[in-house]
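The block underneath contains the structure these notes are about, expressed in structure tokens.
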Amino acid sequence: MMEEVLVALSGLWLMLPALLPNSAAVIFGGGPPIDLGRSWRGRRILGDGKTWCGLIGGCAAGVALGTILMMVALPFDSENLWGFGSYPAALGVIFVLSLGALLGDMGGSFIKRRLNVKRGAKMPVLDQYDFLLGSLILLLIFYPDWFLSNFWEGNRWIALLTILVAVPLLHRGVNIIGYRMGRKEVPW
Ligand code: CTP
Ligand code: MG
């Protein structure tokens, strides 16, 4: 049982660099939209909610958090940095986690625009999971062995299950906080 709890906690720990970027994008966001206002088949490609400042600031925030996590783990586990791996490969994993989250979020907006869902309008499931899916897909492309050994093989599927359950709850909690702070127009 102890072992399973540690695997679950390890899943959350390793995903932290993917959890921050989208919240940070709300703070850094603004300025020119990524699609530069362009439309495709009569609808915006991504919409005004996806900006270059949000993308770059969000990615930098995820990498900064990941760097802090590596420094926290370093004195205890210099070989493996508590699952991130050895430096500098660990930094690559962290970059992919951060960028993947933002690309996944952009993919979600792309789908929403195709379905004629307005910027900021709620789309259950997609809103909660698009960024996580982006991170996981980018990991599978660039660091498949890392992903499989941490989130799939042996009892490590528990880590994947944990993030799948925790992410919508965290997403909801963070968005309510952002709404109360006046940073988000809607509490989702
Ligand atoms: N944001 C940004 N750039 C990004 C992602 C987010 O500037 N790449 C900022 C925008 O100000 C956005 C806010 O963070 O409005 C909240 O993000 P999100 O909920 O993902 O965007 P929505 O405005 O809801 O737009 P969409 O309907 O496309 O999801
Ligand atoms: Mg939204």
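A few remarks follow.
- Relative counts (whole %) of C-alpha pair distances in the stretch 101-164, using bins that are 5 Å wide: 4, 18, 21, 20, 14, 10, 8, 4, 0
- Our Cα-only numbers for the stretch 39-87 put the radius of gyration and Dmax at 17.8, 55 Å.
- Extended-chain gain in nm, criterion 0.36 nm per residue less alpha-carbon gap, Leu164 and Glu4: 56.0 nm
- Ordering Ile158, Ile163 by the number of other Cβ atoms within 10 Å of each residue's own Cβ, fewest first, gives Ile158, Ile163.
- Taking other C-beta atoms within 10 Å as the exposure proxy, Tyr179, Tyr143 rank Tyr179, Tyr143 from fewest upward.
- Of the trypsin sites (Lys or Arg not before Pro) in the stretch 73-136, those whose Cβ has at most 15 other Cβ within 10 Å and which sit in DSSP loop: Lys118, Arg119, Lys122
- Spatially proximal aspartates and glutamates relative to Lys122 (Cα-Cα < 20 Å; intrachain offsets below 8 disregarded): Asp48, Asp105, Asp130, Glu185
- Taking 1.002 mPa s as the viscosity and 20 °C as the temperature, the Stokes-Einstein diffusion coefficient of the stretch 2-180 based on its alpha-carbon Kirkwood radius rounds to 127 µm²/s.
- Remark: the stretch 15-63 projects, on average over all directions, an area of 3.4 nm² (convex hull of Cα atoms).
- Value at 222 nm in deg cm²/dmol, rounded to 500, when DSSP H runs of n ≥ 4 in the chain each add -39,500 (n - 2.57): -22000 deg cm²/dmol
- Percentage, to the nearest whole number, of Cα pairs in the stretch 51-132 over 16 Å apart: 58 percent
- Point-charge dipole on Cβ atoms (K/R +1, D/E -1) for the chain, about Cα centre, debye to 20: 1340 debye
- Euclidean distance of C-alpha centroids, the stretch 33-65 and the stretch 90-145, integer Å: 12 Å
- Each of Cys59, Pro187, Gly92 was scored by the projection of its Cα onto the charge dipole of the chain, and the greatest displacement toward the positive side belongs to Pro187; charges sit on the C-beta of Lys, Arg, Asp and Glu.
- Applying both filters, DSSP loop and at most 13 other Cβ atoms within 10 Å, to the trypsin sites (Lys or Arg not before Pro) of the stretch 1-68 gives Arg38, Arg41.
- Cα pair distances of the stretch 133-188 binned at 5 Å [whole percent]: 4, 19, 17, 17, 13, 12, 10, 7, 1
- The rule of thumb for compact globular proteins, 2.2 N^0.38 Å, goes into the C-alpha radius of gyration of the stretch 1-92 1.43 times.
Computed from the coordinates by the stated procedures, all read-outs in this text should not be read as laboratory data. From a predicted model like this one, the values you see are computed outputs, not experimental measurements. We place every Cβ from the backbone using ideal geometry, glycine too, and count neighbours over all the protein chains shown.
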